[in-house]
Amino acid sequence: MSSRMEFFTRKIRDFSRSTRGNVAMMFALATVPLMIGAGVGLDYARAMLVRQQMSEALDAAALAVGSSTGLDHDSAQALAQKFFNANYTVDKTAFGTPSVTIPANGYASTGSVVINATNTMPTVLVKLVGIANLPVTATSTVVWGQSKLWVALVLDNSGSMAQGDSNGTKMDALKNASAQLLTTMHNASSTAGDVKVSIVPFDVTVNVGTGNVSQSWIDWTDWEAPPAAPATTQSYAINNQNASSPTTISFRAWGPGDDCPFTDSNNNRVSPFGFYCTSGPANSAGKVSTIPSSGTYTGYICPGIDSGDYGNSSHRDRYYNGCYTSTKVTSGTTTVTVATGTNATCNGFSGSNCSCTGSGTSKTCKTQKWSHTWVANAHSTWGGCIMDRDKTNNYDISNTAPDTTAKGFPATNPNDCLGTTVTSLSYDWTALGNKVTSMQPNSSTNQAIGVAHGWQTLSNSTPYSPGAVPSNTSRYIILLSDGLNTQDRWWGDGSTEGSTEDGYIDDREKATCDAAKADGVVIYSIFLDIGGAHGNSAPLQYCASDSTKYFDLTTTSGVVTTFNQIAQQITNVRISR
């Protein structure tokens, strides 16, 4: 027994002298801060999850405010709280509902909102050391669209827009899509006038409206000009006369009752002329084979539409706006010799004007001599159409206002003047919608003139003069066309797809697009190519500001989708932190 007691006594004495237990004590003491640190990390992670939920709910609230219009500060804050509550999925019993606030200067109904949310999250572990709650805050800033938008809808109204697919015509699809885009534009405007839209229908020309007939920016030079021909003489036997001489006949030989001097005996156009005679100066006047000898337009020699086939391609498919009058010469030499020789006749000239004398080789036929004066049609007969500006000094691809050094906008009466006029920048949404509804397919395609006038509507210069571009305003052109360029003032005839002349028109379009983009205009371009017949439109693709803004559509149904996509992009409500 005593030995056992001695053993235990020794062990107790050794334990009391031992220092090895300090390691355990030190570990135990070190555990306390480690546990506190782990608790802080756990509670902080929980706080971050709550903050993430708050941020997502706050973004939804900010987007809701940004998508609404006409809100005052209190209404905006109430709407923000409502949407925040609906999207905040954290256990509200455990964590409560954060309060949402919009600072007094944090809401601008024209374009941005700042929303804050704060909350206190109860802790789990760190409350053991006296920290019962952790503060959690979140902020969201939303900017919607731009304070102001200027948008030009440049829309192809050429004849091929009447074609389509099983979903309807291309023109119907364009009208539907444009109407929806106008609705989006309207809804994006928090304040009337912040969003404005112009509409530029185009074919080979654009129609600026007859109400502008007295404007100084209209260039009437080409309108008032007579044909390049006839000259005082013409170097062919008119009306297939069987005459050996003279080989040239003065234009002064023709007067009332004589055959049209621009056509042959079958009333076909002949070189160097590319036009018929008409019964009067009105562009609606009918084709005639003889010069009128009675009525209001007695003696009027009126050229019709020029085919451009005989050396005057720059006037192709356009009217001459006037006529030559015929006044009898009564002094000096009063006759013109039209034929001599055995076979000489007055063929092509009225018997009341022309007669023959002599016989055999001495036979001579002479007709009355006339003086002719070109009389241009009154400007009031203009249909409102404008062709490409002069390409000298690149006026046709610029937005330069006409002045003493810059050419104006040339009036023209083409074969088919586009019916729908250009609408300057406006926020009269009803009138804009009516303009879209009125569009009808017509004539050939000239994308270059559409882009030029679309850009002009966004520029502070005549003819559209919208005023200075307001600060914080973005300008856009949305260009839609269904085909290749086929005609402008100088080249093409409406059926020259893929030709060298079309290439010249394409080059003018590209230059116009370059200039507009350099001026800060963003261009979206849409090629409506049913069935993918053409594969791609290089000019339209080039015209777009970047590859994401070019659309190649092969069905009419794609037009609405594309217009909606573009509208959402340019009126985009976005989160900006």
**Prompt:** Looking at region 532-554, is at least one residue among the β-branched types (V, I, T) and within 15 Å of the chain's Cα centre (by Cα)?
**Reply:** no
**Message:** List the residue pairs whose Cβ atoms are under 6 Å apart, where the first residue sits in region 340-365 and is farther than 23 Å from F251 by Cβ, the second is of a type in the set (G, A, S) and at pLDDT 90 or above, and the two are 6 or more positions apart or on different chains.
**Reply:** T342/G360
**Asked** So which residues in region 261-276 are crowded, with 16+ Cβ neighbours inside 10 Å and touching a Gly at 6+ places or on another chain (Cβ under 8 Å)?
**Response** P272, G274, F275, Y276
**Request:** Determine which single condition N321 fails, assuming it passes every other condition in (1) within 30 Å of C385 (Cα to Cα); (2) out of contact with any strand residue (DSSP E or B) (no Cβ under 8 Å at 6 or more places or on another chain); (3) modelled with pLDDT of 90 or more.
**Result:** (2)
**Fill in**
When region 468-492 is checked residue by residue, the ones that are surrounded by fewer than 18 Cβ atoms within 10 Å (Cβ to Cβ) and among the aliphatic types (A, V, I, L, M) are A468, V469
**Request:** Go through the residues of region 536-546 one by one and say whether even a single one is out of contact with any strand residue (DSSP E or B) (no Cβ under 8 Å at 6 or more places or on another chain), farther than 23 Å from V151 by Cβ and in the same structural domain as Y395 (by TED's automatic domain parsing).
**Result:** yes
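Residue-wise test of (1) within 31 Å of the chain's Cα centre (by Cα); (2) acidic (D, E).
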position: F273; (1), (2): no, no
position: G280; (1), (2): no, no
position: T290; (1), (2): no, no
position: G295; (1), (2): no, no
position: Y300; (1), (2): no, no
position: D306; (1), (2): yes, yes
position: G311; (1), (2): no, no
position: R316; (1), (2): yes, no
position: N321; (1), (2): yes, no
**Request:** May I ask you to list pairs of residues, at least six apart or on different chains, whose Cβ atoms are under 7 Å apart, with the first in region 498-512 being assigned by TED's automatic domain parsing to the domain that holds I449 and the second being modelled with pLDDT under 85?
**Result:** D502/T496
**Request:** Name the one entry in T496, T437, T500 that is at pLDDT below 90 and in contact with a helix residue (DSSP H, G or I) (Cβ under 8 Å, 6 or more places away or on another chain).
**Result:** T496
**Message:** Please pick out the residue among T367, T345 that is β-branched (V, I, T) and modelled with pLDDT under 90.
**Reply:** T345
**Asked** When the residues of region 152-178 are filtered to those that are among the polar types (S, T, N, Q) and in contact with a Pro (Cβ under 9 Å, 6 or more places away or on another chain), which remaining residue is surrounded by the most Cβ atoms within 10 Å (Cβ to Cβ)?
**Response** S158
**Request:** Report, by residue number, each residue of region 447-474 that is outside any loop (DSSP other than H, G, I, E, B) and in contact with a strand residue (DSSP E or B) (Cβ under 7 Å, 6 or more places away or on another chain).
**Result:** Q447, I449, G450, V451, H453, G454, W455, T457, T473, S474
**Within region 560-575, tally of residues that are modelled with pLDDT of 85 or more and either β-branched (V, I, T) or in contact with a Pro (Cβ under 6 Å, 6 or more places away or on another chain) (or both)** = 5
**Prompt:** Any residue at all in region 12-19 that is at pLDDT 80 or above and outside the structural domain of T191 (by TED's automatic domain parsing)?
**Reply:** no
**Prompt:** Is there a residue being under 29 Å from W150 (Cβ atoms), of a type in the set (S, T, Y) and touching a helix residue (DSSP H, G or I) at 6+ places or on another chain (Cβ under 8 Å) anywhere in region 364-373?
**Reply:** no
**Item:** Residue list for region 294-312, restricted to those being in a loop (DSSP other than H, G, I, E, B), at pLDDT 95 or above and of a type outside the set (F, W, Y)
**Value:** S294, G295, T296, T298, G299
**Request:** Mind telling me which of the residues S545, S499, S465, S495 ends up being surrounded by 17 or more Cβ atoms within 10 Å (Cβ to Cβ) and of a type in the set (S, T, N, Q)?
**Result:** S545
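The values are calculated or read from the model by the stated rules, or taken from the named source; none is laboratory data. Keep in mind the model is a prediction, meaning the values are calculated, not measured. Don't worry about glycine lacking a Cβ; one is built from the backbone with ideal geometry, like all the others, and counts go over all protein chains shown.
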